[in-house]
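So the structure is just underneath, and the comments pick up after that.
Since every read-out is calculated from the coordinates, none of them should be taken as a lab result. For clarity, every value in this text was computed on a predicted model and none was experimentally measured. FYI the Cβ positions are ideal-geometry reconstructions off the backbone, even for glycines, and counts take in every protein chain you see.
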Amino acid sequence: RKSLPDLIQSLRSGRLFNQAESMIAHYSYAVLLIEFEMNTSFSLQPIGSLNPEIALNSINSQLTLLVLAFPRLRIVWSSSPYETASIFAELKRDAAEPDVDRAVAMGQDDCAVEKESIYAQHPIALLQSLPGVTLRNYQALAKKFKSVSDICAASQDDLTSVL
């Protein structure tokens, strides 16, 4: 669950990419709930300021990269904290109570994943959106090639040996 300010900060720092990777690894259904404040506009930015170009500092572009990098991640929008409570109740209906020990252990694993991440998140999101690149092999690709340009210039044999 992310409030709008936390969503923006998490996208800019790359933390959300690490969190999404952990959720996908540990849960059958990974969901990002974006929670707006009551009595505020239910949009990321004013419609007049939407830009059709992809820009790394654009929240819309970063969300697009997130969805491309993690196609199993579901995004749920909530108009207020009250709506969030209703959404949680609906999602939880007919489900067993969570195992607290398992959840705590996963949280500890998430911290380890964030500390281990040594790569810039925007290029990783781009890599993971390419055909054949997965959560399991993007690190080998990043170690072999110094930049996205190097990957583009690589021969098919070079790419096949890494992937």
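Structure values in brief
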quantity	calculated
Net charge over other residues, Cβ less than 12 angstrom from the Cβ of SER80 (K, R count +1; D, E count -1)	-3
Förster radius 35 Å - calculated FRET efficiency between SER86 and SER129 (Cβ-Cβ, nearest 0.05)	0.60
Cut-off 12 Å between beta-carbons: net charge of the residues surrounding LEU159, Lys and Arg +1, Asp and Glu -1	-2
